[in-house]
Every structure is written in C-alpha cells, then in structure tokens.
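The values are calculated or read from the model by the stated rules, or taken from the named source; none is laboratory data. Because the structure is predicted, anything quoted here is derived from the model rather than measured. Positions of Cβ are generated from backbone atoms using ideal geometry, with glycine treated the same way; all protein chains shown enter the neighbour counts.
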Amino acid sequence: MRFSSLYAPTLREVPAEAEVASHQLLLRAGFIRKAAGGIYTYLPLAWRVLNKIAQIVREEMDLKGGQEIAMPIVQPAEIWQESGRWSVYGDEMFRLKDRHDRPFCLGPTHEELVTTLVKGDVRSYRQLPLLLYQVQNKYRDEIRPRFGLMRGREFIMKDLYSFDRDEAGLDISYQKMYDAYSRIFERCGLVFRPVEADSGAIGGSGSHEFMVLAASGEAEVVYCSACDFAANTEKAELNPINVPDETALPIQNVATPNCPTIKDVCDYLKLPVEKSVKAVAYTSDKGLILAFVRGDHEVNEVKVINSTDAINIAMATESELLAAGTAPGYMGVLPGKKDVTIIVDTTVMNMHNFVCGADKQDVHCINVNPGRDFQPDIVTDIRMIQEADGCQRCGGNLAKARGIEVGQVFKLRTKYSEKLGAAFLDENGKEQLMVMGCYGIGVSRTMAAAIEQNNDENGIIWPKSIAPYQVAVVPVNAKNEEQFKLAEKVYEELIAQGIETVLDDRAERAGVKFKDADLIGYPLRVTIGPKTVEEGKLEVKARKTGEVVLLDAAAYMEQLKEILAKL
RNA sequence: CGGGGCGUGGCUCAGUUUGGUAGAGCACCUGCCUUGGGAGCAGGGGGUCGCAGGUUCAAAUCCUGCCGCUCCGACCA
C-alpha cells in the first residue's frame with residue numbers, strides 16, 4: 001500500500017475526548033473515528049488489525065473443533081422472554097420495534113438464539129458435542145461507555161457456545177477453550193493471566209477471565225505468589241474467618257456521640273476494629289438492602305447483587321434509611337426495621353460480642369451475637385478480598401495487579417437448555433438436557449489492550465502478529481529520483497515476498513514520515529536516504545528497540561526476514 | 001442516577017467576565033523554497049459559534065429549556 005492513497009488520517013494533537021493511551025493513539029494514528037458515544041468506525045489500519053486478531057481466534061477455534069456460523073444481530077424478544085432475560089437485562093439492552101410493533105433487541109450476546117437454533121436441529125447424542133462460534137458486533141448500552149474501544153456500546157466479540165451430553169463433556173469443551181484462549185493471547189503477543197471468576201447467580205464452579213495486565217485496566221486481580229491461584233477481586237470467593245469462642249455477654253446500647261464511621265466508634269469505645277460490624281445500604285428494585293461485613297472488611301457489591309434477585313442496585317439515600325427505621329452512620333443488624341433485606345457476611349456469623357449501629361443517631365449496640373440477637377435474611381460471602389486475606393487455597397501471599405478483561409470462559413450447564421427446552425435422546429432413548437458452555441473474546445477490546453501494553457511517547461508498538469503492516473519503507477526525499485526508485489524497488493520486492501509493506505511515497509519531509517511511522521507503529525522501518533544510498537545500504541530500524549541495522553541494498557532480503565522473524 | 005467541566009472551521013484552542021464587522025496555530029488548496037525527526041515565505045478555500053426559544057437597535061457573549069461530549073463518584077456510613 002502506498003501511503004499517499006491510504007486512508008489513515010493522522011493527527012498531530014490529541015483529541016480532547018481521549019483519556020487513555022489506546023484511545024488517544026487509535027484516534028491520532030488514524031485507526032478509528034467516533035460515530036457516537038461508545039460507537040466507532042474502524043478505518044483501514046484498525047480493520048486490518050482486527051481481522052488479524054479475528055483470524056488468530058478463528059484458527060484456534062477451528063483447531064478445537066469449533067465451526068463458524070453467523071447469527072443475526074437483531075433478535076426477537078420472544079426467546080429472551082422465554083429465558084427470562086428480557087426483563088433481567090435491564091437498560092443495558094438496546095431494544096427496538098418493527099413496523100408491526102413487535103419487540104426486538106440488538107444482541108448483547110447469543111445464548112438464547114444459539115440454544116433455540118440447536119434445539120431445532122439436534123435430536124441425538126450422536127450429534128454432540130457441538131461447538132459453534134461467530135465473530136460479530138455486539139450491543140450493550142453501557143451506563144458509561146469510556147476509554148474508546150475498551151468499553152464501547154458496540155464492539156466486536158467472538159462468542160463460542162458448546163453443547164455436550166453431560167458434565168464430563170462440558171469439562172472437556174471447557175478445557176479446550178481455556179487452552180485455545182491461552183494460545184490466542186500468546187499469539188497476539190500479550191502479557192496476560194487467566195483468573196478465576198465467580199460464576200455468579202448460575203452457581204457452581206467454572207468460570208475464568210483472561211486478563212491482559214495493564215495499569216489502565218478497569219479490573220483488579222489478586223494472585224498468589226506460591227500457587228497458581230489468581231482471581232478477579234470482585235469475584236474472588238472467600239472462606240469465613242474463624243475466631244475463638246467467647247461467652248456471650250449481655251447486649252446493651254451505648255451512647256456514641258459523633259461517631260458516624262467505624263473508626264470513630266472503635267476509637268471511642270476502645271475496641272479493635274475486628275470487633276465491629278459495619279453496613280452498606282443499597283436501594284434496589286427489591287427494596288432496601290443492608291449488607292453487613294466486619295469493620296475492617298469491604299463490601300463486594302457484585303457479590304451482594306449475586307446474592308439477591310435484585311437487578312439494579314444503587315447506594316441508598318439518607319431519607320430511604322430513615323424511612324426504613326434506621327439511621328445513616330448507625331445502621332445495625334438487629335431486627336425492627338421495615339421492608340429491609342439483611343445480608344450478612346459469613347465471617348460476621350463467626351464473631352462474638354461485636355459492636356454495630358443501634359439504628360439510632362449517636363447510639364451503638366455492644367456485645368451483639370449472631371443467632372441470639374439477630375437472624376439475617378441471607379448469610380453468604382459478600383466481602384472484597386484483601387491482600388491480607390492471603391491465598392484462599394494455599395495460604396501463600398497475595399499480590400494485586402490491574403487487568404483488562406479480554407476474554408471469559410463460562411460453564412452454563414443447563415441454565416439455557418432447561419429454560420428453552422434444548423434436549424436430546426441418549427443411547428437409552430432417554431431425553432437429556434444439553435450441557436452448555438459459553439466462551440467470549442472481546443476482539444476490539446483486545447486491540448485496545450494490545451496498545452495499552454505496547455506503546456511509548458511516540459506512538460503504538462504493534463506486536464508483529466497483529467500489526468496492520470510489518471514494514472514501512474520511507475524514502476527520505478521523495479523528489480530525489482535515485483532514492484525514490486530504490487524505495488519503490490524495495491517495496492515491490494517486499495510485497496513479492498508476501499511481507500505486508502507500506503511505501504511512504506508522500507512528498508513530505510523526512511521528519512513527518514518518521515513521526516507517522518512511529519505513531520502507527522510498524523514493527524520495522526526501512527529508511528532510504530542520502531546517508532546510506534550512496535554506500536549502497538538500507539537502514540532498517542526496529543520500532544520496539546530502536547535498534548538500527550545497515551543492510552546491503554543489493555542483498556538485504558534474507559537478513560531483513562531474519563530481523564522480522566526475531567521480533 | 002448524582003456532581004463537576006466542556007461544546008467556536010477537520011484538530012487543538014482564544015474570544016464570553018464588560019453584547020457592537022468571528023479569530024490564532026496546525027491541517028487543506030496554489031506557487032516558490034526546502035528535504036534524516038512534525039521547516040520557511042506568499043496567496044487562498046473553509047465556521048448555522050451544539051439546538052430551540054427569549055431579552056436587545058444589536059447575541060458566540062445575557063436569560064430559559066433541551067441535546068451532545070467528557071471526567072469524577074458510585075466508598076462502605
């Protein structure tokens with residue numbers, strides 16, 4: 001491709017809307033343009049990168065027996081109503097109506113559609129396992145789209161669905177995908193880590209997220225320094241902390257003036273924080289929810305949501321708390337409140353003689369004991385893991401890192417086959433539900449994550465496997481016939497060898513072309529200018545290391561290929 | 001949802017406080033000159049000042065409403 005005709009409008013200045021590196025660089029280097037909030041046009045360079053990532057994904061999916069299909073983006077409401085998710089999905093779903101007023105949505109995911117598809121065609125265990133996938137746009141009307149392609153409302157996703165005859169089959173499919181995902185992100189040149197994820201409302205074990213490690217990541221992960229445990233902090237399961245038995249003392253109210261925080265109370269009463277219980281109040285479509293954890297712990301909102309039937313939850317307001325019969329800053333576990341769901345962390349149930357709010361301004365209760373003094377509506381693990389908790393598996397030390405979630409694998413089991421009636425006959429002629437899994441990769445997010453992990457002050461540094469072009473050939477002075485002729489010759493020769501190359505044939509000054517080459521991030525740049533042309537040399541510069549090598553202009557190809565191969 | 005900031009040519013922004021002929025740099029077009037890290041000179045094209053009302057002789061500027069973008073918070077009582 002000749003740069004003069006390439007649609008890659010580079011910008012000298014950073015568009016004001018972009019905050020993170022990948023967003024800024026994708027805009028500046030002429031890869032994307034915004035069409036609406038969280039919705040982007042992919043320009044030729046971006047489209048090449050996306051296709052390369054998708055190609056790697058396809059190869060690895062096909063190796064594991066995946067078959068590519070293409071399902072519609074527009075989906076009828078009925079199947080979502082059947083699975084129950086039409087109402088569950090909430091505002092995140094883009095909904096529309098046809099001319100007959102029939103409801104549809106833009107697919108945020110395809111479990112319903114693919115299950116409906118397969119149940120119509122698969123009758124026998126002989127047709128299983130079945131692995132179907134597609135690569136297409138997905139639509140999610142995010143509360144707050146941000147960071148360019150990292151959290152868009154329209155994005156490209158690879159989604160594969162596995163159908164097996166039983167748990168054992170699912171385990172095999174799951175492992176295949178886990179392995180394939182590891183290979184995919186390796187081939188994309190990314191530093192990543194698979195982490196355990198809670199399978200949420202679906203229950204049971206069986207979900208991993210693939211995190212590209214980057215400071216700008218939205219997710220926080222913890223990992224063990226001793227074993228291979230790694231988990232999303234939002235999802236890491238925690239064992240309750242055991243404490244020695246104690247004789248239950250009589251419960252009593254104590255005045256605690258001006259002690260709205262746990263620290264105030266414990267300082268005032270001279271109690272260790274481990275002897276206190278604090279609350280976070282949420283308001284939801286199911287009413288007010290009070291979530292209690294030990295004073296030095298943190299509430300994990302995701303776990304709270306998973307432990308209830310609530311769909312949308314938000315922090316409760318002061319007036320809501322007062323109306324329910326409690327007091328902001330002084331909320332307690334004791335009964336006597338109106339229309340409140342009380343959720344208590346498992347560790348709290350092991351505590352004795354603790355202090356918590358008395359539901360009255362400036363009053364706390366001391367010597368509160370579970371069972372004797374209160375019975376929560378729900379007892380479950382709702383706290384956020386901390387480094388101090390240590391590895392929940394081996395007791396080793398935990399460390400934290402930030403990550404970008406680029407993929408997730410998930411055991412669905414029979415959640416959808418049951419709701420949508422996807423069954424087959426086994427060899428005994430007995431009807432069985434298909435056992436399903438789903439496996440997603442954010443293709444457009446992977447592109448952004450690759451940039452987050454590979455950039456410097458001059459621009460993008462593409463991993464070779466997903467670079468839009470491998471080499472840029474830059475004649476320093478396009479009007480110098482000798483230089484330009486040589487550049488064209490080298491360009492033609494590289495193309496003939498199947499090496500993706502851009503010839504920067506613009507009548508720009510050298511500096512402009514160098515800046516653009518760095519910004520766009522070609523792994524290699526071949527410079528042809530007066531310094532080298534007279535000596536019959538080509539200058540080859542690696543974007544990543546800045547290393548420069550001079551090659552014989554008459555016989556450079558083998559060496560150049562070697563340099564490329566080593567990148 | 002709440003709170004802050006912003007909306008002026010393709011991009012970055014000035015001008016708004018104190019109403020009075022729409023500006024700069026970059027980008028773009030033409031010519032000259034220059035050619036190893038975003039050159040220089042000369043000439044030129046391009047803007048319903050987010051939208052809709054209102055006030056005024058006069059509105060980018062003041063008032064009201066709406067829309068869009070963006071950041072922060074969803075923070076533990």
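List every residue pair whose Cβ atoms lie under 8 Å apart, where the two residues are 6 or more positions apart in sequence or sit on different chains, the first residue falls within the range A:4-30 and is within 6 Å of RNA strand B (Cβ to nearest atom), and the second residue, located anywhere, is at pLDDT 95 or above and of a type in the set (Val, Ile, Thr). Close Cβ pairs (under 8 Å, with a partner that is at pLDDT 95 or above and of a type in the set (Val, Ile, Thr)) amount to A:10/A:520. Among the residues of the range A:1-32, not one is assigned to a loop (DSSP other than H, G, I, E, B), surrounded by 19 or more Cβ atoms within 10 Å (Cβ to Cβ) and among the charged types (D, E, K, R).
For the range A:33-50, the candidate set comprises residues that are under 14 Å from residue A:155 (Cβ atoms) and part of a strand (DSSP E or B); within that set, the residue that is farthest from RNA strand B (Cβ to nearest atom) is A:42. A residue that is of a type in the set (D, E, K, R) and in contact (Cβ under 8 Å) with a residue 60 or more places away in the chain cannot be found anywhere in the range A:521-532. Every condition in (1) closer than 20 Å to residue A:146 by Cβ; (2) not in a helix (DSSP H, G or I) holds for residue A:452 except the one numbered (2).
Residues in the range A:529-548 that are near RNA strand B (Cβ under 8 Å from one of its atoms), within 22 Å of residue A:462 (Cβ to Cβ) and surrounded by 14 or more Cβ atoms within 10 Å (Cβ to Cβ): A:539, A:541. Within the set A:551, A:564, A:519, the sole residue that is within 7 Å of RNA strand B (Cβ to nearest atom) and either closer than 28 Å to residue A:26 by Cα or hydrophobic (A, V, I, L, M, F, W, C) (or both) turns out to be A:519.
Looking at the range A:481-488, can you tell me whether even one residue there is over 22 Å from residue A:7 (Cα atoms) and within 9 Å of RNA strand B (Cβ to nearest atom)? Yes, that holds for at least one residue. On inspection, residue A:454 qualifies as in contact (Cβ under 8 Å) with a residue 40 or more places away in the chain and crowded, with 18+ Cβ neighbours inside 10 Å. Within the range A:251-258, does at least one residue satisfy the condition of being over 28 Å from the mean Cα position of the chain (by Cα), crowded, with 18+ Cβ neighbours inside 10 Å and on the phi < 0 side of the Ramachandran plot? Yes: one or more hits. Looking at this structure, is residue A:400 over 30 Å from residue A:185 (Cβ atoms) and modelled with pLDDT under 90? No: the conditions fail for residue A:400. Contact map, the range A:274-301: first residue of a type in the set (Asp, Glu), second residue more than 7 Å from RNA strand B (Cβ to nearest atom) and part of a strand (DSSP E or B), Cβ cut-off under 7 Å, separation 6 or more or different chains; pairs are A:274/A:294; A:298/A:383. Among the conditions (1) crowded, with 22+ Cβ neighbours inside 10 Å; (2) under 30 Å from residue A:191 (Cα atoms); (3) touching a Leu at 6+ places or on another chain (Cβ under 9 Å), residue A:434 misses just one, which is (2).
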